[in-house]
Amino acid sequence: MTLQRRLILILLLLTFGASWWAHAQSTRVKQPGPSQESDWINADSANPSRLRGETRAPEFPPGADWLNVSRPLTLRDLKGKVVLLDFWTFCCINCMHVIPDLKRLEAKYPDSLVVVGVHSAKFTGEKDTQNIRDAVLRYGVEHPVINDSSFKLWNAFGIQGWPSFALLDPTGRIVGITSGEGVYDSLNPLIGEMVAYYKREMALDPKPLPFLRPEHSQKPRSLLSYPGKVAVDEMGRRLFLSDSNHDRILVLSPEGAVLEVIGRGTPGFLDGTYGTAAFSHPQGLVYDSVRGMLYVADTENHAIRRVDLRSRKVETLAGTGHQAQTGGAGGPVKTTALNSPWDLTQVGNQLYIAMAGAHQIWKLDLVGGRIGVFAGSGREGLTDGFLPDADLAQTSGIVSEGHKLYFVDSESSSVRMADLDPSGRADTLVGSGLFDFGDVDGEKGTVRLQHPIGLALHDGKLFVADTYNNKIKVLDPKTRKVTAWLGSGKAGWADGAGPTAMFDEPCGLVFGWGRWYIADTNNHALRVADPATSRVTTLQLKGLDKLVQPVPRVNPESKVPELPKVAVAPGEGQVELTIALPTGMEINPQAPSVINLESGNQAVASVPKAGVAVKSTLVRVPLTLHRGITQITAHLTLYYCSEGKVALCYFYQGDLTLPIRVTPGATGKLKFPFNPRTSTKP
């Protein structure tokens, strides 16, 4: 190593070591912020000792809530594993961006590496474990997650921004700390060396962890999954909803009838017909009535998609499918990489994009075919000024009346506006800074919101989805006065008027046909508000069969759960289906629940060729039995809802096989017990 490199390394070690020690000794939570850099403490690649930590990591605090595990963990539980602690908060776009990197590392080192998410909340609404659970489900996080709501681990490790990472060796000692996005390229070589080194030292334990229990395994699939944004075609009487975690767009009537499903319903980046095209967690939508197009912010594909509603085809309008790693002025739509587009609004031939991942607003010329930055320096903050100089903060909702742009910056809990003239300015209507948030209505200087994501414009007023406050608020852009309109402020589900209604992180809203439609994200529901009475109801979706793919016929080579063999008598008989629903749930009588039977040997069991409708938790299906041995497989498609609330529904698909021996004198019964996984939320 050259003298110059040694001096640089010593300087880095002193700088980061002093910072880490000062934070580790502090009991006061430092004001955290977004993290953008990536430097390891033990950065000397020529020193083998960098693979061994010297300082023992602090123990996980007792009494903290955990997710994705069956019990709280200790460092002793992780002995023999390389451990990567991911300090994150679920509001943070940078934290979302590193999740694919973490999944790549987990897949590459499945027997040697354990990722533990340390959720250290920025916003008050993020401290609640149930809200973190929703984020874990929304982002597909399957590794253990601890709720570090008191910042005990954050302070003990001296963390200063999100996302940050601490790497531990198999003995529980700290190897290094880093921060920022793009961590796969920096972590992968080091983890690879650690795995090889500790295998030689016989210090790795390859056995799988016995206490993993992913949250998704305990939650049934709902008809909607974390819906994000809404748009309308008033003349065509069509409502468009991004069913974000089902990776599709729904076309509904104003009354809730399912007209079309756009997208195959599994994540991907494919153009094609409605049934073959693939999205990845789409969010913002805008309808172009002149062209008959629906534009989609395909957020996790980092792309803008175009849906031709006449030819029923989807194509990519802008973006490469990969996240932009650096800023830039833009360029041709097909070759310019984007960064988590979250919402859209259209003014003439220009499409304005809330580019959340870049903390900017971009503009796409629908005629010229170019895309680029319209407003925002790329720095995360709350600074007004000329469009290129203004600092924005995770812009997540945007709308225009044709003269100005209005947008919400989620991370600064603010509502802002920008001139459409490129030489104009960006200014703040309400909001004070990155760490100034709350639930306070009133005039500009006193107003506090909490991570708003949705914004709509109607009759000269701005309607704000104040997401983490679980409310809908009204902002007069002239007086800059904010008034709460809908929602109690507590997360939950309840229809009612004004403050008696309850939402759970609403994210999108739109006005159409004299009513407001609200994407109630964590409730997996579409709500409707009457502006005259302020009454909120839940829209019941009709045509549910379009939302669920039919159960495929059993592949003889596939594994289907099998019941113990039973002996039954020949002749006319019946199969009895019993369904154990969660408490407070009932079969939806308006939905096409059905059971289909299939026999492995038709000569023994003659079963109905058509499906039998399921209207209650007990169903009997007639069949004819002849002497011999066979198996009967039951395929169940089931819709069930909260009692008396058919708008809040789940669906369940299950197969179960029953081996039978048909012999004279046998007294067995053909019974299929189905038990959908329980959950208290749709």
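Assorted remarks:
- Test: residue in segment 482-503 that is under 19 Å from the mean Cα position of the chain (by Cα), buried (at least 24 other Cβ atoms within 10 Å of the Cβ) and either in the same structural domain as Ala426 (by TED's automatic domain parsing) or among the small types (Gly, Ala, Ser) (or both): yes
- Complete set of residues in segment 494-515 that are of a type outside the set (Val, Ile, Thr) and either without any contact (Cβ under 8 Å) to a residue 60 or more places away in the chain or within 15 Å of Leu648 (Cα to Cα) (or both): Ala494, Asp495, Gly496, Ala497, Gly498, Pro499, Ala501, Met502, Phe503, Asp504, Pro506, Gly514
- Unique residue being surrounded by 16 or more Cβ atoms within 10 Å (Cβ to Cβ), part of a strand (DSSP E or B) and under 34 Å from the mean Cα position of the chain (by Cα) when the list is Ala647, Ala591: Ala647
- Residues that are surrounded by fewer than 24 Cβ atoms within 10 Å (Cβ to Cβ), without any contact (Cβ under 8 Å) to a residue 40 or more places away in the chain and either touching a Cys at 6+ places or on another chain (Cβ under 6 Å) or not in a loop (DSSP other than H, G, I, E, B) (or both), drawn from segment 456-480: Lys461, Lys473, Val474, Asp476
- When His322 is tested against (1) out of contact with any Cys (no Cβ under 9 Å at 6 or more places or on another chain); (2) buried (at least 21 other Cβ atoms within 10 Å of the Cβ); (3) of a type outside the set (Val, Ile, Thr), exactly one condition is not met: (2).
- Yes/no for Leu625 being touching a strand residue (DSSP E or B) at 6+ places or on another chain (Cβ under 7 Å), aliphatic (A, V, I, L, M) and at pLDDT below 90: no
- Test: residue in segment 71-78 that is in contact with a Gly (Cβ under 6 Å, 6 or more places away or on another chain), modelled with pLDDT of 95 or more and surrounded by fewer than 22 Cβ atoms within 10 Å (Cβ to Cβ): yes
- Some residue of segment 226-237 being among the acidic types (Asp, Glu), under 25 Å from the mean Cα position of the chain (by Cα) and at pLDDT 95 or above: no
- Residue in segment 519-528 that is without any contact (Cβ under 8 Å) to a residue 60 or more places away in the chain, outside the structural domain of Lys645 (by TED's automatic domain parsing) and either in a strand (DSSP E or B) or crowded, with 17+ Cβ neighbours inside 10 Å (or both) present: yes
- Of the strands (runs of 3 or more DSSP E) entirely within segment 332-448, those holding at least 2 residues that are assigned by TED's automatic domain parsing to the domain that holds Gly284 and touching a helix residue (DSSP H, G or I) at 6+ places or on another chain (Cβ under 8 Å) occupy 341-347, 395-400, 425-430.
- Taken over segment 438-457, the criterion of being at pLDDT 95 or above and either among the small types (Gly, Ala, Ser) or under 23 Å from the mean Cα position of the chain (by Cα) (or both) is satisfied by Gly438, Gly442, Leu449, Gln450, His451, Pro452, Ile453, Gly454, Leu455, Ala456.
The values are calculated or read from the model by the stated rules, or taken from the named source; none is laboratory data. The structure displayed is predicted, hence computed values, not measured ones. Positions of Cβ are generated from backbone atoms using ideal geometry, with glycine treated the same way; all protein chains shown enter the neighbour counts.
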